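Heads up, the thing below is written out as structure tokens.
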Amino acid sequence: MNDSTRYFSSDPAQRPLALELYQSAAGLPLVCPHGHVDPHLFADPKYHFGNPVQLLIQPDHYVLRILHSQGVAYERLGIPLKSGGPVEQDPRRIWQTFAEHFDCFDATPTGLWIRDELADLFDIHEKLTGRNAPALYKAIAARLHEPDFTPRRLYERFNIAVLCTTDFAGDDLEAHKQITASGWAGHILPTFRADTLVHIERPTWPDEVAALGNAAHLSVSDFADFIQAIESRREYFKRQGATATDLAVLSAETGAYSVAEMDTLFQKGLRGQITAAEAAQFIAGMVMELARMSAEDGLVMQLHVGSYRNHDLDLAGRFGPDLGADFPVPLAFTRPLQPLLNRFGNHPNFHLILFTLDETAYARELAPLASYYPAVKLGPPWWFHDSLNGMGRFFDQAIESGGLYNTVGFNDDTRAFLSIPARHDVWRRAGANWLAGLVARQIVDMDSARAMMKALACGLAFKAYGLEKFAPAEVRLS
Amino acid sequence: MNDSTRYFSSDPAQRPLALELYQSAAGLPLVCPHGHVDPHLFADPKYHFGNPVQLLIQPDHYVLRILHSQGVAYERLGIPLKSGGPVEQDPRRIWQTFAEHFDCFDATPTGLWIRDELADLFDIHEKLTGRNAPALYKAIAARLHEPDFTPRRLYERFNIAVLCTTDFAGDDLEAHKQITASGWAGHILPTFRADTLVHIERPTWPDEVAALGNAAHLSVSDFADFIQAIESRREYFKRQGATATDLAVLSAETGAYSVAEMDTLFQKGLRGQITAAEAAQFIAGMVMELARMSAEDGLVMQLHVGSYRNHDLDLAGRFGPDLGADFPVPLAFTRPLQPLLNRFGNHPNFHLILFTLDETAYARELAPLASYYPAVKLGPPWWFHDSLNGMGRFFDQAIESGGLYNTVGFNDDTRAFLSIPARHDVWRRAGANWLAGLVARQIVDMDSARAMMKALACGLAFKAYGLEKFAPAEVRLS
Amino acid sequence: MNDSTRYFSSDPAQRPLALELYQSAAGLPLVCPHGHVDPHLFADPKYHFGNPVQLLIQPDHYVLRILHSQGVAYERLGIPLKSGGPVEQDPRRIWQTFAEHFDCFDATPTGLWIRDELADLFDIHEKLTGRNAPALYKAIAARLHEPDFTPRRLYERFNIAVLCTTDFAGDDLEAHKQITASGWAGHILPTFRADTLVHIERPTWPDEVAALGNAAHLSVSDFADFIQAIESRREYFKRQGATATDLAVLSAETGAYSVAEMDTLFQKGLRGQITAAEAAQFIAGMVMELARMSAEDGLVMQLHVGSYRNHDLDLAGRFGPDLGADFPVPLAFTRPLQPLLNRFGNHPNFHLILFTLDETAYARELAPLASYYPAVKLGPPWWFHDSLNGMGRFFDQAIESGGLYNTVGFNDDTRAFLSIPARHDVWRRAGANWLAGLVARQIVDMDSARAMMKALACGLAFKAYGLEKFAPAEVRLS
């Protein structure tokens, strides 16, 4: 199943073109401008991964949620309870449970990534089943302890040019500093994440504000202090190499509010007395503030829109967040973004990358907006849509009217460092296949397709995130 | 046109794989877990159908609406007026009108079903036209009167394993009892339909409540009585073999309300004084109540969401409901279902099957929800989407991220008993074609595809509806 | 790249069928029932186009917006500022800028149209680049001044049967009258556009009402006068050959309001005191009024729904409207259209053609509505969706459940007269390819496909717009 033409159309005219285009990009580096890999993996040159379950199952909510849907309780997967109560401790039993349900991943992106990882990293080419589970566990575990199986060696082997982490606004970035100081040639850059500062409705928000103040060495008691502290922290991130920020919001609502209006909401938030409507207004105002800062300091603004977090309150109560119970909602962009785009949509120093969990916006709103406003670019298929079909829909619906050069290439967006090559490979194969279809239907010629392939594979990502200094000359777009 | 490879991709690699997969399931029985066939067809062993118009045109709102769109008034199709006024009586003239418009069904699912029925049941292989209409009428009419052309014989010939009807909550299920008592080997099970009890805004609702009370031998004067009567009727249905319930609602809204709150609404409904907003609240509360009952009695809960009924008030006034003037509306699921899923989404005895008329929810909300909550499964493409392309979108958008094993196979959902084999055949062909594409693109191997084909064809439906006792051993999934 | 099979699937079974079907319609005339070509092009028999930039770039907001998205300011493209301030004047420099960004149009519909125009009208078969830009400019400019390169000769060469313009309700239609009087055999018909009369929220609305009154020779001081003036102007358009009207609205909302209610809103509008909610109500009421007029005078009603106009207020302020900053919003149809369809949906003299910028409505609401209400037909993919993929989605999502004969063929909807053949060619190729897929999958036979091809190419458009008197006998559908 690891044939060189996998995932390509079986059409006899399209398939060889897809392979040719794919191979034309095979030597290009991976750019990882947005993801959730822990920088500590690279701070310690001798870091080794734990066991196969810690590596492939427990940190991956894509895996956890499908097992959960089949009636496998999180306790059986060894996910720690907040209460400290008993959960499965034996990784071999967890692995066995996983293997016995592996059929449920057939034809899902997670199934493809794991199959590719097993093949490419562990030389395992048989399908995982309940029967071979113990043997495969042993084989993987052995490999994990080999001396070259460290994150730094894998980064080099994966041919990564630059990898951006996502970090709390108040983070001291010690891991990043250690990496820089170590003299290692890899590039691990931080990304400024503002989520916890913006979500004023959360009970933990006042603590987050305090933590921000501590990090910025400022006393934060009003909205003006708050803004100053954020600006100070952005500057700190920039000095450590950051080129971008990130923010996840439920809707794309933006609004222009005065400092006095924002301060009133800010004070209510500190007192824990904010209503849902006021919180939405505060968030809409903060998106605008963060856009203004990006226009000023040049950090690229990533906006991830549409995830309804912690839908299963029982799960969140017992285990905590980020375990697979976040779900998309319907979205609009044209109207909600108008206030922001009227201020900054034509600003030469502002760069906004939009991500959506509602694909219906691709052709309806996002491609039209990105193909008019110079500040707006469209991010790749995100989360549930980071899949062969999701990419196909993105290419067909977003790029046809928006144009390839208003998109930003790929984001692997993962905590699972080992899955990065497999994820980029799916993207490159899907892209090569799409371009081959365009060539086979004489929509573009092979010269254009080759240029588009390079752009998709890494050129667009280098450019959109201000990372071209890490790019080989042949893929630079500006 | 009745070639063995019809509806498959013409790609030379994919087509033979599709045929192989299709044929691998050819001998498997049909499971009909949700539909609207009249059980009386099977109560009388000698039941015969009327004429071709009564069989193929008048009961099928899929047919009626397309003729109507072309300016053919329902009177010309012999649909009875509530006023008793004159309508066309001659079935040969109605048949002629239909035949002269048969081109309008080109490439529609209804066109395919009728073509397949004519070929498979009536050995008619030419296209219906105004010219051959009289001869074909005669041929069909003759076949209808042949001694073996009874519902029971056809059930056997169709290789149906079990067929579930949909029945009013107050139904005495006499037809089902007669079938059981007759000793015939077919399985015709009732399904508990709560629609008329839930739609408190309808003027007929107080009568429906009274009818429920009569059926349950209870005096229903408050909400507690109402709940008790529903529970009693569900128990009655279960004793007659029911394994599922059904409910159709306009939105997926659910809500947790107290008995006192529900009783206030209930009393307003009885007095005919309920507002639209109050009715919506009552319905949201009833969805929750019915979910609670399902968690307790184990009857699978089917929720059909998104049909705006009786849009053409003139039609409804002159002819009555269910004649093709019901239309979909945009839908959301993540937020509206949260109250229900927080109570019962992880309940081991609760089984919720969701159907949508808004396909945008497949990839956005339904597949994500079904691939997390163990209680949630996703029903097949419904109504306007029960078509080759509708199935293709379902496979590509719902199954890729949700996983095949969080879906429930096929529902024919029809009143037209004779169309059942054609409908299942379209599903199996669409499924085989989709799986063949996965194999051709090396996304799954042929072994997995064969297992998935069996599951699609009937294994998933047997399991999801608690009907595995009717399943051949080779397709059982649990 | 101008191969005869361009844009067809490369599947070896489908491609030759597509070519055969495409060629079967090759000789059929173009029908242009909706577009924005200036009638003055045809009033003067010796009219010549200006330079290549005036022809291909400046009037085409599809081109402008993509250049703008890449950071090319409108000033650099020679778009005049309302202030009269300096903008680029040298067409050769503007052409150079365009050529240097032409890669950005790869795989977009605009890129395909321009490539086809260059090939078919200017015999230019190389790709436009910064390098060859001066030479191509010269070649195009030379061709523009050839004696046969007039709109009338091109109309004949393009084999256009009839072309409808879109004209302000108060237009005197002098250009149309001159064309008629000239004895030229071409058919250039006006279309009654009510937009400016309906959009009561715009500051210019009172002036528009006054202009309407002047045109109708009526003093318009209340709603009854207003309606009378509109009716009078519709009659005037009909006498000049109009068969249709056009209206663009943000939502599909319709409402039945009394004359008194409408007059109250009308008076507020005249005083410039109308709120956004009142304006929406007035528009919903006007859609109903215009439908009533259509039912009475028989002019086909076109309703274009979903464009949020002048999103970029800065652009609108500096340059004016219609420059590429209009964007789609999410839409619903079932509920908002109910008031209108309950009054006129079954009216034998009413013809409503619906256009959407939200494709999710195709399968969800539009195809279902069009395949029930005899008055409703579904317009072709519009604007951002007028593309190969947009057409593919339309065929797959709208026609399968709605039926081909509830659609209306193609609209080129363009101001760019020279792009008309390329746009129709894309439609015919997309249509032939879709039909070939149906034949290859044995969904329809070749006879049906040939009939459907003729209908798609022009038969449906002739019929839906009441233009069959201009149709060759072989394509007439009624």
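The values are calculated or read from the model by the stated rules, or taken from the named source; none is laboratory data. Bear in mind that the values here come from a model prediction, so they are computed numbers and not experimental data. Using ideal geometry, Cβ is built from the backbone for each residue, glycine included, and neighbour counts are taken over all protein chains shown. Areas reflect the complete protein model, heavy atoms only, side chains present, ligands, DNA and RNA absent. Shrake-Rupley method; radii C 1.70, N 1.55, O 1.52, S 1.80 Å.
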For a quick size check, give me the Cα extents of the protein assembly as shown along its three principal axes, largest first, whole Å. 92, 88, 62
Would you tell me the mean number of C-beta atoms belonging to other protein chains that fall within 10 Å of each C-beta in B:54-67, as a whole number? 1
Solvent-accessible surface (1.4 angstrom probe) belonging to residue A:290, in square angstrom, nearest 10: 10
Taking a quarter of the surface of the Cα convex hull of segment B:268-375, what do you get in nm²? 8.4
Projecting the Cα atoms of B:435, B:414, B:384 onto the charge dipole of segment B:382-478, where Lys and Arg contribute +1 and Asp and Glu -1 at Cβ, the residue farthest towards the positive end is B:414
Hydrodynamic radius of segment A:113-152 per Kirkwood, over alpha carbon pairs, in Å: 10.7
Residue A:82 accessible area, 1.4 Å probe, all protein chains in place, Å² to nearest 10: 140
P(r) for segment A:222-288, please, calculated from all Cα pair distances in 5 Å bins and given in %. 4, 16, 22, 22, 20, 11, 5, 1
All other residues with a Cβ under 9 Å from the Cβ of residue B:309 taken together, and with Lys, Arg as +1 and Asp, Glu as -1, what is their net charge? -2
Determine the calculated [θ] at 222 nm for chain B from helices alone, applying -39500 (n - 2.57) to every DSSP H run no shorter than 4 residues and normalising by the residue count; nearest 500 deg cm²/dmol. -12500 deg cm²/dmol
Potential extension, residue B:145-residue B:181 segment - 0.36 nm per residue separation minus Cα distance: 10.3 nm
Local charge sum around residue A:10 (other residues, Cβ-Cβ under 12 Å, Lys/Arg +1, Asp/Glu -1)? 0
Residue C:476-residue B:172 FRET efficiency (beta carbon distance; Förster radius 60 Å; 0.05 resolution): 0.55
Computed over segment A:92-235, the distribution of all Cα-Cα distances in 5 Å bins, rounded to whole %, is 2, 8, 12, 13, 10, 10, 11, 12, 10, 7, 3, 1, 0
Counting each pair of different Cα atoms once, what's the Kirkwood radius of segment B:201-258 in Å, rounded to one decimal? 13.0
At a probe radius of 1.4 Å, figure out the C/A buried accessible area, summed over both chains, and give it in Å² to the nearest 100. 3800
Using a Förster distance of 56 Å, how high is the FRET efficiency between residue A:96 and residue C:23, based on the Cβ-Cβ distance and rounded to 0.05? 0.35
If eta is 1.002 mPa s and T is 20 °C, what Stokes-Einstein diffusion coefficient results for segment A:29-68, Kirkwood Rh from Cα pairs, in µm²/s? 174
Can you check how the C-alpha radius of gyration of segment A:1-81 compares to 2.2 N^0.38 Å, as a plain ratio? 1.63
Mean 1/r over distinct Cα pairs of segment C:153-264, inverted to a Kirkwood Rh in Å, yields 15.6
Scattering profile of segment A:334-423 from the Debye formula, Cα beads only, expressed as log10 I(q)/I(0) at q = 0.14, 0.19 Å⁻¹, is -0.50, -0.85
Of every hundred units of 1.4 Å-probe accessible area on the protein assembly as shown, the number belonging to carbon and sulfur atoms, as a percent, is 51
Could you check the simple spin-label distance between residue B:314 and residue A:235, using points 7 Å along Cα→Cβ, in nm with one decimal? 7.1
Can you report the principal axis dimensions of segment B:1-47 using only the alpha carbons, biggest first, rounded to whole angstrom? 48, 22, 18
Would you mind checking which residues have amide H under 5 Å from residue B:302's amide H? H placed 1.01 Å from N; only 5 or more apart, or other chain. B:245, B:246, B:247, B:353
Give me Rg over Rh for segment A:195-340, both radii from the alpha carbons and Rh done the Kirkwood way, two decimal places. 0.96
Surrounding charge for residue A:451, neighbours by C-beta under 9 angstrom, Lys/Arg +1, Asp/Glu -1, total -1
J(HN,Hα) series, segment C:361-370, from Karplus relation 6.51 cos²θ - 1.76 cosθ + 1.60, nearest Hz, glycine and proline x: 7, 3, 7, 7, 10, 6, 4, x, 5, 5
Evaluate E = 1/(1 + (r/R0)^6) for residue A:81 and residue A:4, where r is the Cβ-Cβ distance and R0 equals 51 Å; express this FRET efficiency to the nearest 0.05. 0.65
Translational D in µm²/s for segment A:44-176 (Stokes-Einstein at 20 °C, 1.002 mPa s, Kirkwood Rh from C-alpha pairs): 130
On average, how much accessible surface per residue is there in the protein assembly as shown, in Å², for a 1.4 Å probe, leaving out ligands, DNA and RNA? 34
Taking N as the residue count of segment C:50-93, its alpha carbon Rg divided by 2.2 N^0.38 Å gives 1.09
Translational diffusion of segment B:128-174, µm² s⁻¹ [Kirkwood Rh, Cα pairs; Stokes-Einstein; 25 °C; 0.890 mPa s]: 176
Looking at the P(r) of segment C:404-462, how many percent of alpha-carbon pairs lie beyond 12 Å? 67
Kirkwood-based Rg/Rh on the Cα set of segment A:360-478 evaluates to 0.94
If you take the C-alpha gyration tensor of segment C:95-167, multiply each eigenvalue by 5 and take the square root, what semi-axes do you get, largest first, in whole Å? 25, 17, 11
Could you tell me what % of all Cα pairs in segment C:269-324 have separations over 17 Å? 61
Expressed in nm², what is the orientationally averaged projection area of the convex hull enclosing the Cα positions of chain A? 22.3
Area projected by the alpha carbon convex hull of segment C:39-117, averaged over all directions, nm²: 6.4
Mind checking which of A:466, A:267, A:19 is farthest towards the positive end of chain A's charge dipole, using Cβ charges of +1 (Lys, Arg) and -1 (Asp, Glu) about the Cα centre? A:19
Contact order relative to length of chain C, as percent, for alpha carbon pairs under 8 angstrom and 6 or more apart: 20
